[in-house]
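**Student:** Dropping the structure in here first, questions after.
The values are calculated or read from the model by the stated rules, or taken from the named source; none is laboratory data. Remember, predicted model here, so these are calculated numbers, not experimental data. Every residue, glycine among them, receives a Cβ derived from its backbone with ideal geometry; neighbour counts consider all protein chains shown.
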Amino acid sequence: MSTGHAPITPVRTYVAVFGGLAILTTLTVFVAHQEFGALNTPIALTIAVCKATLVVWFFMGLRYNTPLTKVTAASGFIWLMIMFGIGLSDYLTRSWIHVPGR
Amino acid sequence: MSAGGPHPPTVLGSSAHGGLAVAGHGEGGHHPRQQHHFYTMGQQLEASILGMWVFLVTEVMFFGGMFMAYIVYRTWYPTAWAASSNQLNVIMGAINTGVLICSSLTMVLAVRSAQVGSRAGQIVNLILTMMFGSTFLVVKYFEYAEKFHHGLVPGPNFNPHHVLPDGTIEHIALPLGSQLYFSLYFMMTGIHALHMIIGIGIMLVMLRWAIKGRFTPDYYNPLEVSGLYWHFVDIVWIFLFPLLYLLGYNYRG
Amino acid sequence: MDLLYFFIVAVCAFFAVLVVALVVFFTLKYKRQSPNEVGADIHGSLALELLWTAIPFVLSLVMFGWGAELFFKLSRPPADSMEIVVVGKQWMWKVQHPEGVREINELHVPIGVNVRISLGSEDVIHDFFMPAFRVKMDAVPGKITTLWFQATLPGVYHIFCSQYCGTKHSGMVGQVFAMQPQDYAAWLAGGRANGTPVEMGHKLFADYQCATCHKEDRTGRGPSLVGVAGSAVQLADGRTVVADDNYLRESIVNSQSKVVSGFQPIMPTFQGQISEENLMQLIAYIKSLKPAASK
Amino acid sequence: MTPERHSYLDAPYGLKAWLLTKDHKRIAMLYLISITIFFALGGFFAAGIRLELLTPKGDLLTPDLYNKFFSMHGVIMVFFFLVPSIPATLGNFLMPIMVGAKDLAFPRINLISWYLYVIGGLIALTVLAMGGIDTGWTFYTPYSTIGSSTNVSLAIIGVFVAGFSSILTGFNFIVTVHRMRAPGMTWFRLPLFVWANYATSLVMILGTPVVAITLCMVAAERTLHLGIFDPKLGGDPVLFQHLFWFYSHPAVYIMILPGMGVMSELVAAMSRKQIFGYSFVAASSLAIAILGFLVWGHHLFVSSQSIYAGMVFSIITMLVAVPSAVKTFNWAATMYKGSVSWESPTYWVVGFMGLFLVGGLTGLFLASMGLDIHLHDTYFVVAHFHYIMVGGAIMAYMGGLHFWWPKMTGKLYNESLAKVSAILVFVGFNLTFGPQFIVGYLGMPRRYHTYPDEFQVWNVASTLGASILGMGYMLAFTYLVYSIFKGEAAPANPWGAKGLEWTTTSPPPTFNFDVDPVVDEPAYNYNPTGKGVHVG
């Protein structure tokens, strides 16, 4: 590619990804109505992550980008996890010491 | 860390733009769309794509603050969360998910049309993208109206109820924490909708430029970068849909 | 605590003096002599870098360990503490002693006794700060927080609100009177007590008709509250929690959130209907309900 | 300078050419002017606070007015001066030149960022005109949502807009460092100022959006009655503190990291020596930026946060001390066997080292959980962060300004006045904030309008110091402005320093270099003939 643009992806790849997204959407609605106990939310999140990955990888063309862009994209996710993880380290351990408010 | 420096013409991935690569500023032979402070078209493209991704990381953290609040309160008030979630209209949410996925497809096809040099393709797909985006907002409007109708808007007038077919009002008792849920619901979907509106505005500009024939297989950076933004907004919804609409069906514990 | 303070002062002073002395010495010793002079060609030293990475690392860990140990000690009130209820409100501190005596912006305590303060707030975040005893704790609306201290010398000490709380933040101050135990007893006797927290809680318990469901003989629609405080409670969703002050508080204001196993979520929520002070009295009453056998 | 040469300053003249400029150097100058205005404004409020605290009774300002004074002082100084100070002025000016580029990657976005800053600033001024806010710069809920009756929402919008200006600056820097470096400018040849600003930019883009959305939620709570932090609805005010400090603690590093970058440049240039342990100094910038994200909970030790989370935050906070110590030792070692010049920038450098040391070391007291219980929210904290923010960041900013002033304006300022100013600032500063450590340890809480009599002597000393400090800044302002009009023309390299910015003319031409630069040597290569001791 003379300008550094990504190679041209055939339309059918995009349509296939679209089909995948549509199926996953149906699936997530379907499994939400099933009883999996504590697993419902993890299943829903797994499906959402799969869908997001499809969009990022194909539609947003991350697969043709430089490693630097990939690292950038990943860093957003990692920082989010840092915020959630360390933030929850407070909320999930508050009751450990049986002293109110400590 | 260093994924290759920007030294033209060799290091920029597969980028150097033919023989124009190292031409100094002011000399002839530049691509007309190359800005003066870049050495090559490839450098310009790499910069704008990296720039958009960096910006999207910012957006991730922006929504992340609300997701943090969501997680904390959901662990505190699981019953309120499930009960409130069941007040949402899953059908509308599902329709909107589908609509957004369609718009992402047309968006990526618009970019592809630029790659293969089809102006008509860009125009048609951009218009379709905007139509899907607008459909999303219209559905959202009806959804919000329904919430107002059922007294689900937090604040002094929070009074969840249904109006039965015979006109009697059936109040719904929602546990403490439901107002937090609906606050976050309006905050998250509202900010998401705001992003959609901004996205449609960007698409209007892109449409104008596409009609003018500004995008060629050599140069379509703005279109590609706007596409990245549009897909990101789609991804946010991909997470909002299960987390807000679907969690209530089978809540246990 | 002050020992730790002076330890850190010493470490810091050492490094501050060391670096400043080096900087001053180098700037004077290697003062530029001619306009075109350049410095020696030294790029660095791995050994030095590792050394001055390792030393601060070890020192900082010592400070952390010491500070954390102290913090844990200050976080766990001893079991024999007397409990005083303090509620912050813009812009005053309301205090109630276990014997029922109330005071505002003043706190009388006996010396040599561990005092545990249960803190609440009616409006915004306040902070109960007694510099002389090196303790402070935020009073956060919506929950109960705790601090403890022991006065050793009789005297009058400051109370400050140290979390900014609005217009008269700097007027939200008071005094601690640390007294000999006999003086404290005399003071208590002279105070006008219109009921201990437990008694007032008992009255509230009756006023809100809690006993209709929470019968002591376990026949009510709600669980018996005798001996519940401090015990492990099995919840309807399978979890087990320890019924501390904040659990009791939450179960009153937000009764649906952690329903005890075997009972229906039928209790009304009292969010916004009971003042923070009354809540604390109710909790004091519930905590006073001990099974007959253990009395 | 040949007369027909056009520097960036006199390329096209006129207000329009300046206000619509896309030249990073002109935007830097626009920033310089605007942040100076806000600095003066913030200083005015500081003066008001110090005057009020001269006596223990609240006799100068009413309590409400005093609360508004310190709130506006905080909001203006943090969001409208310190955050943009070094990155948006010195950084904007120097980053492209130092990496050998013609401009930042996105010149138009750079201009937009300045306009956003101005809009945010104008909103803040509007709030001021409408009576100011009284929540403190921290906007703690529930006081900011249910307690305060001032224009909190509008102030939040101002901060929000200014926040986006800083996001755009950060994002421009990151892309520029990655994509705009000149041929031969490898990562390990970058000046340390670039490394420091790169680390700062990471913090800006990862942290700022979180505080933006958090403040949005506060504004929504006030205006739309959504109740995210409202304890009456079951919300947790402490969650606000978590989200707020997730940005606002790293924001401290937004302020000090560029200052550290300036110091690395100045120490090397004034000693004419290769910086000691280049890679360690560079890596410590990144380490500080990353660790800085993991420590926000040390603001919450007494907020009813879980003590186990407190432990995690405390230990990571202690670890931040390590890279900071590494930097300080390296600067000191750089001077060893250097050729140290006693020109005015050196005065600021030495001042910075002393004040930053004190500021950094007192952080250890506060990071140690047991001690923080006592010191939290007292004047000890106030003194600590002023030593970092003013003693560190502003000393570095002034030092950098003096160092690069000839490059930026093409004029030389009065050397002896500059030395006097540096000494005045140093002495005044210590007199202002030194006593606050003591009064804080004695237990005087911050944000107090009246205080017990026994604290008065320390407060009087502090106010006295503040007036000396103010004089120092005003003196610097005077001779710097004077030099623009009457100063001698500066040569291209007045300090005999290394670095791409000294290879071009003073002031530089519009596109920075007449010939596209090619880099073939490491940074600070002062002694290219020597064999060198290449370790570390």
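**Student:** Being surrounded by 22 or more Cβ atoms within 10 Å (Cβ to Cβ), of a type in the set (A, V, I, L, M, F, W, C) and modelled with pLDDT of 50 or more, is that true of even one residue in the range B:5-27?
**Tutor:** There is no residue in the range B:5-27 that is surrounded by 22 or more Cβ atoms within 10 Å (Cβ to Cβ), of a type in the set (A, V, I, L, M, F, W, C) and modelled with pLDDT of 50 or more.
**Student:** Related question: Among residues belonging to the range C:242-271 that are touching a residue at least 12 places away in the same chain (Cβ under 8 Å) and facing another protein chain (nearest Cβ under 7 Å), point out the one that is nearest to C:Gly100 (Cα to Cα).
**Tutor:** Looking at the filtered set, the residue picked out is C:Asp245.
**Student:** Could you figure out which of (1) crowded, with 18+ Cβ neighbours inside 10 Å; (2) outside the structural domain of C:Met92 (by TED's automatic domain parsing); (3) not charged (D, E, K, R) isn't true of C:Gln209?
**Tutor:** (1)
**Student:** Which residue is farthest from B:Leu247 (Cα to Cα), if the candidates are limited to the range B:35-50 and must be more than 10 Å from chain A (Cβ to nearest Cβ) and part of a helix (DSSP H, G or I)?
**Tutor:** B:Ala47
**Student:** Go through (1) touching a residue at least 24 places away in the same chain (Cβ under 8 Å); (2) within 7 Å of chain B (Cβ to nearest Cβ); (3) among the small types (Gly, Ala, Ser) for A:Gly61 and report which single condition fails.
**Tutor:** (2)
**Student:** If you check every pair at least six apart or on different chains, which have Cβ atoms under 6 Å apart with a residue in the range D:24-38 that is under 18 Å from D:Tyr473 (Cβ atoms) first and a residue that is of a type in the set (Lys, Arg) second?
**Tutor:** If the second residue must be of a type in the set (Lys, Arg), no pairs are left.
**Student:** Mind listing whichever residues of the range D:50-62 are crowded, with 19+ Cβ neighbours inside 10 Å and assigned to a helix (DSSP H, G or I)?
**Tutor:** D:Arg50, D:Glu52
**Student:** Answer yes if at least one residue in the range D:140-156 is part of a helix (DSSP H, G or I) and touching a Leu at 6+ places or on another chain (Cβ under 7 Å), and no otherwise.
**Tutor:** Within the range D:140-156 (the criterion being part of a helix (DSSP H, G or I) and touching a Leu at 6+ places or on another chain (Cβ under 7 Å)), the answer is yes, since at least one residue qualifies.
**Student:** Need the failing condition index for B:Asn125 against (1) more than 14 Å from chain D (Cβ to nearest Cβ); (2) buried (at least 21 other Cβ atoms within 10 Å of the Cβ); (3) in contact (Cβ under 8 Å) with a residue 24 or more places away in the chain; (4) part of a helix (DSSP H, G or I), just the number.
**Tutor:** Among (1) more than 14 Å from chain D (Cβ to nearest Cβ); (2) buried (at least 21 other Cβ atoms within 10 Å of the Cβ); (3) in contact (Cβ under 8 Å) with a residue 24 or more places away in the chain; (4) part of a helix (DSSP H, G or I), B:Asn125 violates only (3).
**Student:** Kindly provide the set of residues from the range A:31-44 that are surrounded by fewer than 16 Cβ atoms within 10 Å (Cβ to Cβ), facing chain B (nearest Cβ under 7 Å) and assigned to a helix (DSSP H, G or I), ordered by number.
**Tutor:** A:Gly37, A:Ala38
**Student:** Within the range A:78-87, which residues are facing chain B (nearest Cβ under 7 Å) and within 15 Å of the chain's Cα centre (by Cα)?
**Tutor:** Selection gives A:Trp79, A:Leu80, A:Phe84.
**Student:** While we're on this one: For residues in the range D:203-234 being part of a loop (DSSP other than H, G, I, E, B) and touching a residue at least 60 places away in the same chain (Cβ under 8 Å), which is farthest from D:Leu192 (Cα to Cα)?
**Tutor:** Here the answer is D:Asp230.
**Student:** Then there is this: Does the range C:80-87 include one or more residues that are within 30 Å of D:Ser344 (Cα to Cα) and either at the interface with another protein chain (Cβ under 10 Å from one of its Cβ atoms) or outside any helix (DSSP H, G or I) (or both)?
**Tutor:** No; the residues of the range C:80-87 include none that is within 30 Å of D:Ser344 (Cα to Cα) and either at the interface with another protein chain (Cβ under 10 Å from one of its Cβ atoms) or outside any helix (DSSP H, G or I) (or both).
**Student:** Does A:Thr93 qualify as being surrounded by 15 or more Cβ atoms within 10 Å (Cβ to Cβ) and within 14 Å of chain C (Cβ to nearest Cβ)?
**Tutor:** yes
**Student:** For the range D:349-372, which residues satisfy the criterion of being part of a helix (DSSP H, G or I) and touching a Ser or Thr at 6+ places or on another chain (Cβ under 9 Å)?
**Tutor:** Passing the criteria: D:Val349, D:Val350, D:Met353, D:Phe356, D:Leu357, D:Gly360, D:Gly363, D:Leu364, D:Leu366, D:Ala367, D:Met369, D:Asp372.
**Student:** Which residue pairs have Cβ atoms closer than 9 Å, lie 6 or more positions apart in sequence or on different chains, and pair a first residue in the range D:81-92 that is under 12 Å from D:Leu30 (Cα atoms) with a second residue that is among the charged types (D, E, K, R)?
**Tutor:** Note: pairs meeting the criteria are D:Asn92/D:Lys25.
**Student:** Determine the pairs where a residue that is surrounded by 24 or more Cβ atoms within 10 Å (Cβ to Cβ), located within the range D:134-146, has a partner that is outside any loop (DSSP other than H, G, I, E, B) and basic (Lys, Arg) with Cβ atoms under 7 Å apart, the partner being 6 or more residues away or on another chain.
**Tutor:** Between residues of the range D:134-146 that are surrounded by 24 or more Cβ atoms within 10 Å (Cβ to Cβ) and residues that are outside any loop (DSSP other than H, G, I, E, B) and basic (Lys, Arg), the close pairs are D:Asp134/D:Lys68; D:Thr145/D:Arg222.
**Student:** One residue is enough: does the range C:17-30 have a residue meeting the conditions part of a loop (DSSP other than H, G, I, E, B), in contact with a Gly (Cβ under 9 Å, 6 or more places away or on another chain) and at the interface with chain D (Cβ under 7 Å from one of its Cβ atoms)?
**Tutor:** So far as the range C:17-30 goes, yes, one or more of its residues are part of a loop (DSSP other than H, G, I, E, B), in contact with a Gly (Cβ under 9 Å, 6 or more places away or on another chain) and at the interface with chain D (Cβ under 7 Å from one of its Cβ atoms).
**Student:** Being without any contact (Cβ under 8 Å) to a residue 12 or more places away in the chain and either in the same structural domain as A:Met81 (by TED's automatic domain parsing) or over 8 Å from the mean Cα position of the chain (by Cα) (or both) is the filter here; which residues of the range A:34-58 pass it?
**Tutor:** Correct list: A:Gln34, A:Glu35, A:Phe36, A:Gly37, A:Ala38, A:Leu39, A:Asn40, A:Thr41, A:Pro42, A:Trp57.
**Student:** Looking at D:Asn330 and the list (1) more than 7 Å from chain C (Cβ to nearest Cβ); (2) farther than 14 Å from D:Ser264 by Cα, which single condition is not satisfied?
**Tutor:** Of the numbered conditions (1) more than 7 Å from chain C (Cβ to nearest Cβ); (2) farther than 14 Å from D:Ser264 by Cα, the odd one out for D:Asn330 is (2).
**Student:** Here is a follow-up. It is to be established whether one or more residues within the range C:97-107 are outside any loop (DSSP other than H, G, I, E, B) and basic (Lys, Arg).
**Tutor:** So far as the range C:97-107 goes, yes, one or more of its residues are outside any loop (DSSP other than H, G, I, E, B) and basic (Lys, Arg).
**Student:** Select, from C:Ser170, C:Ser162, the only residue that is under 30 Å from D:Lys57 (Cα atoms), small (Gly, Ala, Ser), in the same structural domain as C:Ile104 (by TED's automatic domain parsing) and in contact with a strand residue (DSSP E or B) (Cβ under 6 Å, 6 or more places away or on another chain).
**Tutor:** Step by step, each of C:Ser170, C:Ser162 is checked, and only C:Ser162 is under 30 Å from D:Lys57 (Cα atoms), small (Gly, Ala, Ser), in the same structural domain as C:Ile104 (by TED's automatic domain parsing) and in contact with a strand residue (DSSP E or B) (Cβ under 6 Å, 6 or more places away or on another chain).
**Student:** Now a separate question. Let me spell it out: the conditions are (1) hydrophobic (A, V, I, L, M, F, W, C); (2) in the same structural domain as C:Thr269 (by TED's automatic domain parsing); (3) over 20 Å from C:Tyr285 (Cα atoms), and C:Met179 meets all of them except one. Which number is the exception?
**Tutor:** (2)
**Student:** Of all the residues that make up the range C:126-140, how many are surrounded by fewer than 24 Cβ atoms within 10 Å (Cβ to Cβ) and at the interface with chain D (Cβ under 7 Å from one of its Cβ atoms)?
**Tutor:** Residues meeting the conditions: 3.
**Student:** I'd like to know if the range A:85-92 contains one or more residues that are closer than 16 Å to B:Val57 by Cβ, part of a helix (DSSP H, G or I) and not assigned by TED's automatic domain parsing to the domain that holds A:Leu24.
**Tutor:** Checked against the condition, which is being closer than 16 Å to B:Val57 by Cβ, part of a helix (DSSP H, G or I) and not assigned by TED's automatic domain parsing to the domain that holds A:Leu24, the range A:85-92 yields no hits at all.
**Student:** Please count how many residues of the range C:221-238 are within 14 Å of chain B (Cβ to nearest Cβ), at pLDDT 80 or above and part of a loop (DSSP other than H, G, I, E, B).
**Tutor:** Of the residues in that region, 0 qualify.
**Student:** Looking only at residues in the range A:64-76 that are assigned to a helix (DSSP H, G or I) and within 7 Å of another protein chain (Cβ to nearest Cβ), which one is nearest to B:Phe67 (Cα to Cα)?
**Tutor:** Within the range A:64-76, the match that is nearest to B:Phe67 (Cα to Cα) is A:Gly76.
**Student:** Moving on to the next point. Take the conditions among the small types (Gly, Ala, Ser), within 16 Å of D:Glu415 (Cα to Cα), touching a Leu at 6+ places or on another chain (Cβ under 8 Å) and touching a residue at least 24 places away in the same chain (Cβ under 8 Å) and apply them to D:Ala490. Does it pass?
**Tutor:** Spelling it out, D:Ala490 is indeed among the small types (Gly, Ala, Ser), within 16 Å of D:Glu415 (Cα to Cα), touching a Leu at 6+ places or on another chain (Cβ under 8 Å) and touching a residue at least 24 places away in the same chain (Cβ under 8 Å).
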